[in-house]
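Trainee: One structure, as structure tokens, below. Some questions next.
The values are calculated or read from the model by the stated rules, or taken from the named source; none is laboratory data. Fair warning: this is a prediction, and the values are worked out from it, not measured in the lab. Quick reminder, even Gly has a Cβ in these numbers, built from the backbone with ideal geometry, and neighbours come from all protein chains shown.
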Amino acid sequence: MRTALIDADIVAFQAAARHETWTDFGRTVGELSEAQADVDDMIDKLCAMTGSTRSILALTCKEKNFRKDILPTYKSNRADKADRRPVMLQAMKDYMVLNYNTDIRLGLEGDDVLGILQGGSSDTIIISEDKDMRTVAGSLYAPHRPEVGEIEITKLQADQFLCWQAIVGDSTDGYKGAVGVGPQSLYAQEVLVADADELWDIVLEAYGSIGEGETEALVQARCARILTADHYNGRTGEVILWTPEDML
């Protein structure tokens, strides 16, 4: 019995956004029941596309985010966009909590919940449009790219992509990477094909090229790294911070 691990933050946003329109005079919000029906339809289709017989919807905790303890400016660039969020966004999340098997964990983003639940199990598949999920080994389906289909990510591939993210950063999430060392750099290209024991050395070389060291590189990698079961204590809720040794 396969379980679809669904990025419910994205489903909620899409359903809410689809039922409002912007004009020169502001925005018009549609019917709540229609947006809720849209959520139901999307979840049904995602399960059907991946051959899943059950689902778990992962949502981001609103109260806190452990990454802000690592990098206080994490996602701070999104604060000025809050008034552009769909009006019914929270209502869609509330609807999911009441009607579906949802998973929200204190201090974690929905992506982290997906990574923890994946846990190397062959009977789960992550469904998300977020490229960060490529740092998690296992089955992944990106619904915005149906032509790609389901892909299987190995641990080495997940670590390679993590190191790539640590080098190039992510402006959407507000962590900078090695500033000036872009995705077309030799470092970024090398890390995507390197062996496990070479990965962190390449990251350090990239940071060294801009006069920064391991302290800065670790902050960026820990922001980029999606949690997995071995980096989360389910009993206490403690996050176990990633280290380069975890790639070996």
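Trainee: Mind checking which residues of the range 168-183 are touching a helix residue (DSSP H, G or I) at 6+ places or on another chain (Cβ under 8 Å) and among the small types (Gly, Ala, Ser)?
Mentor: Correct list: Gly169, Ser171, Gly174, Gly177, Ala178, Gly182.
Trainee: Can I ask one more? Of the numbered conditions (1) modelled with pLDDT under 95; (2) crowded, with 16+ Cβ neighbours inside 10 Å, Arg67 fails exactly one; give the number of that condition.
Mentor: Status for Arg67: all satisfied but (1).
Trainee: In the range 70-95, which residues are surrounded by 11 or more Cβ atoms within 10 Å (Cβ to Cβ), charged (D, E, K, R) and within 23 Å of Asp38 (Cα to Cα)?
Mentor: Passing the criteria: Arg85, Lys93, Asp94.
Trainee: If I ask for residues that are under 17 Å from Thr243 (Cα atoms) and among the polar types (S, T, N, Q), which ones from the range 158-206 would you list?
Mentor: Gln160, Gln165
Trainee: Moving to a separate point now. Please work out which one of (1) under 18 Å from the mean Cα position of the chain (by Cα); (2) at pLDDT 95 or above is the condition Val39 fails and give its number.
Mentor: Checking Val39 against (1) under 18 Å from the mean Cα position of the chain (by Cα); (2) at pLDDT 95 or above, the one that fails is (1).
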